[in-house]
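Report on the following structure.
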């Protein structure tokens, strides 16, 4: 009779194997990731913003860490609209907030401008 019953499938969640291997895998999953360096945070923010928005990253223009090291703020310039000539391109300045392990917490566009106006705005101190 036992042969007529369908066999139960075991869920493969990576916890098969000897108990010692299961414990080691569980410990690895619980271990917090190392804190990012500034360069890693800049690359992570650039890549995340490009993935989310679908826009081409042009430059990382600022990088700041909180005093406790738990948060990174990164400003990335993204190409929003490509035009000919390039001086007419529209760029957006985006601020990204990442946690200490590099996970994106939030982002927002803080400025939109023509490439030709970037230097003029920086000299005058204007934002928009």
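Kindly provide the set of residues from the stretch 107-128 that are at pLDDT 75 or above and outside any helix (DSSP H, G or I), ordered by number.
107, 108, 109, 110, 111, 112, 113, 114
Please pick out the residue among 41, 45, 50 that is under 23 Å from residue 112 (Cβ atoms), surrounded by 18 or more Cβ atoms within 10 Å (Cβ to Cβ) and in contact with a strand residue (DSSP E or B) (Cβ under 9 Å, 6 or more places away or on another chain). Talk me through it step by step, then tell me what you get.
Numbers: 41 fails: under 23 Å from residue 112 (Cβ atoms); 50 fails: surrounded by 18 or more Cβ atoms within 10 Å (Cβ to Cβ).
None of the others qualify; the one that does is 45.
Just one of the numbered conditions (1) touching a residue at least 40 places away in the same chain (Cβ under 8 Å); (2) exposed (fewer than 11 other Cβ atoms within 10 Å of the Cβ) is not true of residue 102; which one?
Condition not satisfied by residue 102: (2).
Which of the residues belonging to the stretch 82-106 are assigned to a strand (DSSP E or B), out of contact with any helix residue (DSSP H, G or I) (no Cβ under 9 Å at 6 or more places or on another chain) and more than 26 Å from residue 34 (Cα to Cα)?
Correct list: 93 only.
List the residue pairs whose Cβ atoms are under 6 Å apart, where the first residue sits in the stretch 37-65 and is in contact (Cβ under 8 Å) with a residue 24 or more places away in the chain, the second is in a helix (DSSP H, G or I) and surrounded by fewer than 18 Cβ atoms within 10 Å (Cβ to Cβ), and the two are 6 or more positions apart or on different chains.
63/38
The values are calculated or read from the model by the stated rules, or taken from the named source; none is laboratory data. It should be emphasised that the depicted structure is a prediction, and the values quoted were computed from it without experimental measurement. Virtual Cβ from ideal backbone geometry, glycine too; neighbours counted across all protein chains shown.
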